[in-house]
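See structure below.
The values are calculated or read from the model by the stated rules, or taken from the named source; none is laboratory data. What you see is a predicted model, and the numbers here were worked out from it, not measured in a lab. Because the Cβ atoms are built from the backbone with ideal geometry, glycine has one as well, and the counts that use them run over all protein chains shown. The protein model used for the area step is the full one, side chains on, heavy atoms only, and it has no ligands, DNA or RNA in it. Shrake-Rupley method; radii C 1.70, N 1.55, O 1.52, S 1.80 Å.
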Amino acid sequence: MTEELYLTDSYLREFDAVVTAVEGQAVALDRTAFYPGGGGQPNDLGLLTWEGGTARVKKVKRRSGQIWHTPEGDLPAEGTQVHGALDWQRRYRLMRTHTALHVLCGVVWRDYGALVTGGNMEPLKGRMDFEFETMHKDLVSEIEATVNAEIAKDHPVRVAILPREEAFQIPDLIRTKINLLPPHIEEVRTVEIVGLDLQADGGTHVANTSEVGRVRVVDYKSKGAINKRIYLELDA
Ligand SMILES: [Zn+2]
């Protein structure tokens with residue numbers, strides 16, 4: 001099992017680790033700060049350095065409890081001590097974007113009662129899908145203003161890891177369908193924008209909404225009568 005350092009410290013940019021396995025073009029590490037992707041957040045990029053070598057990490061994936069890093073070029077052998085460094089500008093932009101999307105979820109649920117069904121992001125750009133029958137063009141600027149007002153309230157963002165049974169008692173989590181989590185998952189990681197939004201989430205977030213900066217709601221699309229997709233962008 002790889003120790004997933006980003007789960008408890010999303011601000012960790014560099015780390016030391018040991019290669020525990022090599023398969024094809026990929027190496028597994030005993031610990032990592034590289035996010036493997038998931039929940040709409042793409043995997044991290046960055047560098048692995050070891051005695052006599054350095055390689056750019058192109059792809060990171062989770063497979064059977066391990067995090068596999070696919071570098072370009074040379075591979076460190078099993079047992080090698082490596083130093084990992086994230087492409088921090090990209091990762092920090094993803095953290096700001098991910099938190100912005102949760103602010104959007106919180107606002108759309110609180111003000112319009114619409115549930116989120118999915119989402120996706122790249123640095124400084126994201127989209128979320130909602131069951132939002134009453135969404136229409138005039139709401140775009142209203143939602144944008146409310147999202148920015150909430151960001152400006154400097155809400156702290158808190159990460160917690162809860163026993164499954166405890167998480168299942170929290171009404172806000174039940175609405176996001178955590179009951180669909182596979183039975184073997186014994187702990188649930190939660191991300192709370194205090195006072196606004198609480199979700200089961202594996203991604204990396206900023207510690208306070210003040211770090212998000214200004215958000216623009218740039219577009220929305222109907223994906224049928226009920227399903228609506230809202231697009232947002234952040235300033236660099
Ligand atoms: Zn999320």
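Among all positions in the stretch 160-174, there is no residue which is modelled with pLDDT of 95 or more, within 16 Å of the ligand (Cβ to nearest atom), touching a helix residue (DSSP H, G or I) at 6+ places or on another chain (Cβ under 7 Å) and open to solvent by less than 40 Å² (accessible area, probe 1.4 Å). Looking at the stretch 87-103, which of the residues that are assigned to a helix (DSSP H, G or I) and open to solvent by 10 Å² or more (accessible area, probe 1.4 Å) is farthest from VAL22 (Cα to Cα)? If we take residues in the stretch 87-103 being assigned to a helix (DSSP H, G or I) and open to solvent by 10 Å² or more (accessible area, probe 1.4 Å), then ARG96 is farthest from VAL22 (Cα to Cα). So, in the stretch 181-204, of the ones that are away from the ligand (no atom under 15 Å from the Cβ) and among the aliphatic types (A, V, I, L, M), which residue ends up nearest to HIS98 (Cα to Cα)? The qualifying residue nearest to HIS98 (Cα to Cα) is VAL194. Picking from residues in the stretch 205-221 that are open to solvent by less than 50 Å² (accessible area, probe 1.4 Å) and under 14 Å from ALA145 (Cβ atoms), the one that is nearest to the ligand (Cβ to nearest atom) is VAL215. Considering the stretch 2-49, the residues that are in contact (Cβ under 8 Å) with a residue 40 or more places away in the chain and on the phi > 0 side of the Ramachandran plot include one that is most open to solvent (accessible area, probe 1.4 Å), namely GLY39. No other residue among GLY106, GLY84, GLY126, GLY113 is among the small types (Gly, Ala, Ser) and either loosely packed, with under 15 Cβ neighbours inside 10 Å or at positive phi (or both) apart from GLY113. Checked against the criteria, GLU142 does not count as open to solvent by 40 Å² or more (accessible area, probe 1.4 Å) and touching a Lys or Arg at 6+ places or on another chain (Cβ under 9 Å). Residue pairs whose Cβ atoms lie under 7 Å apart, sitting 6 or more positions apart in sequence or on different chains, and linking a residue in the stretch 96-107 that is within 19 Å of LYS228 (Cβ to Cβ) to a partner that is within 8 Å of the ligand (Cβ to nearest atom) and open to solvent by less than 10 Å² (accessible area, probe 1.4 Å), are HIS102/VAL191. With respect to the conditions (1) part of a helix (DSSP H, G or I); (2) away from the ligand (no atom under 13 Å from the Cβ); (3) under 23 Å from GLU211 (Cβ atoms); (4) of a type in the set (D, E, K, R), LYS153 falls short on a single one, namely (1).
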